[in-house]
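Working notes, beginning with the structure itself.
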Amino acid sequence: AASRWSREPPEPRAWLAHYGRWGRFACALRELGLIAGPIATVFHGKDMSAYLRKRRPNAYGMLFERGDLFLPISEFWREKLITLGAPADRIKVHRMGVDVSRFVEKPRSLVPGEPVKFIGVGRMVEKKGFDDAIAAFEAMTAQPGAPSATLTIIGDGPLRQQLEARAGQVKQSGAIRFTGLLPHAEVAKTLSEAHVFVLASKTAANGDMEGIPVALMEAMAQGMPVLATIHSGTPELVEHGVSGYLNDEGDWRTLSANMRQLAAAPERW
């Protein structure tokens with residue numbers, strides 16, 4: 001990879017490496033004299049979880065010695081960087097965010113006779129917890145006196161077929177809908193028409209974890225209450241009982257109870 005870089009003397013500039021392995025790569029380029037200037041590295045999610053399990057816990061040792069600034073997106077990852085050996089005086093939490101001007105914040109309300117519209121958005125992989133969301137929704141709708149409700153899941157991924165098969169077992173036929181991938185504008189429109197956002201994130205078997213999901217930020221930017229989990233940096237975004245409800249990873253029973261609680265109290269939305 002280094003052979004493709006110019007052999008001209010490098011112009012000093014600040015370098016931003018997004019994900020830990022690219023910070024390590026940038027340090028190697030600088031040592032070869034191919035770039036010059038300080039290097040800041042953003043630590044996001046997979047690079048702090050599954051990547052380290054696949055490689056080794058000290059995979060960033062060289063980076064911690066030679067990098068100039070480390071920018072985890074959450075306090076959760078800041079603490080982990082310190083346990084991995086990163087110098088605390090070179091760590092600064094630098095949040096991810098969304099452009100709120102692209103979203104219209106509006107109050108949520110329930111028209112008489114309208115079903116409560118739950119919605120989830122994300123790649124259909126294990127860490128997104130869509131299986132738990134489906135299990136929670138099924139349990140809620142199976143209870144006596146359960147409110148009329150739907151669950152829309154936007155996205156695609158390797159688990160889609162498995163999730164659709166699981167959703168097909170729900171007794172309330174047609175209550176769960178999979179849209180597949182949608183253009184961003186259509187995602188925003190569908191979000192604007194929904195009532196409650198659901199993202200039951202959890203640690204995957206290979207160790208993969210979220211950072212702080214952008215999908216949650218986009219839902220909250222539209223004024224939507226959210227149901228999420230105590231996972232990675234999510235509790236730094238979602239205040240339990242204020243902007244939504246949190247439950248432990250994999251605890252779909254509590255998630256189901258939280259769904260029911262919000263469905264029964266649209267005045268709180």
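The values are calculated or read from the model by the stated rules, or taken from the named source; none is laboratory data. The structure presented is a predicted model; accordingly, all values stated were derived computationally and were not measured. All Cβ positions, glycine included, derive from the backbone under ideal geometry; neighbour counts span all protein chains shown. We work out accessible area using only protein heavy atoms, side chains counted, and drop any ligands, DNA or RNA first. Shrake-Rupley method; radii C 1.70, N 1.55, O 1.52, S 1.80 Å.
Pick out the one residue from 146, 165, 188, 142 that is at pLDDT 90 or above and either within 14 Å of residue 119 (Cα to Cα) or open to solvent by 70 Å² or more (accessible area, probe 1.4 Å) (or both).
Answer to the selection: 142.
Regarding residue 104, is this residue open to solvent by 60 Å² or more (accessible area, probe 1.4 Å) and hydrophobic (A, V, I, L, M, F, W, C)?
For residue 104, the condition - open to solvent by 60 Å² or more (accessible area, probe 1.4 Å) and hydrophobic (A, V, I, L, M, F, W, C) - is met.
Within the stretch 30-66, track down each residue that is surrounded by fewer than 19 Cβ atoms within 10 Å (Cβ to Cβ) and in contact with a Cys (Cβ under 9 Å, 6 or more places away or on another chain).
62, 65, 66
Hey, could you check the stretch 83-95 for residues that are open to solvent by 60 Å² or more (accessible area, probe 1.4 Å) and in contact with a strand residue (DSSP E or B) (Cβ under 9 Å, 6 or more places away or on another chain) and say which is farthest from residue 269 (Cα to Cα)?
90
Given the criteria in contact with a strand residue (DSSP E or B) (Cβ under 8 Å, 6 or more places away or on another chain), in a strand (DSSP E or B) and over 26 Å from residue 207 (Cβ atoms), does residue 178 qualify?
When the stated conditions are applied, residue 178 passes them.
Residue 123 - would you say it is in a loop (DSSP other than H, G, I, E, B) and open to solvent by less than 30 Å² (accessible area, probe 1.4 Å)?
no
Which residues, counting only those in the stretch 141-167, are in contact with a Lys or Arg (Cβ under 9 Å, 6 or more places away or on another chain), more than 23 Å from residue 223 (Cβ to Cβ) and either assigned to a helix (DSSP H, G or I) or polar (S, T, N, Q) (or both)?
141, 142, 143, 167
Would you check if there is a residue in the stretch 127-135 being surrounded by 17 or more Cβ atoms within 10 Å (Cβ to Cβ) and among the acidic types (Asp, Glu)?
yes
For residues in the stretch 199-240 being of a type in the set (Gly, Ala, Ser) and farther than 20 Å from residue 118 by Cβ, which is farthest from the chain's Cα centre (by Cα)?
Restricting to residues being of a type in the set (Gly, Ala, Ser) and farther than 20 Å from residue 118 by Cβ, the top hit is 205.
Is the stretch 198-213 home to any residue that is surrounded by 17 or more Cβ atoms within 10 Å (Cβ to Cβ), part of a loop (DSSP other than H, G, I, E, B), free of Cβ contacts under 8 Å to residues at least 24 places away in the same chain and aliphatic (A, V, I, L, M)?
No, the stretch 198-213 contains no residue that is surrounded by 17 or more Cβ atoms within 10 Å (Cβ to Cβ), part of a loop (DSSP other than H, G, I, E, B), free of Cβ contacts under 8 Å to residues at least 24 places away in the same chain and aliphatic (A, V, I, L, M).
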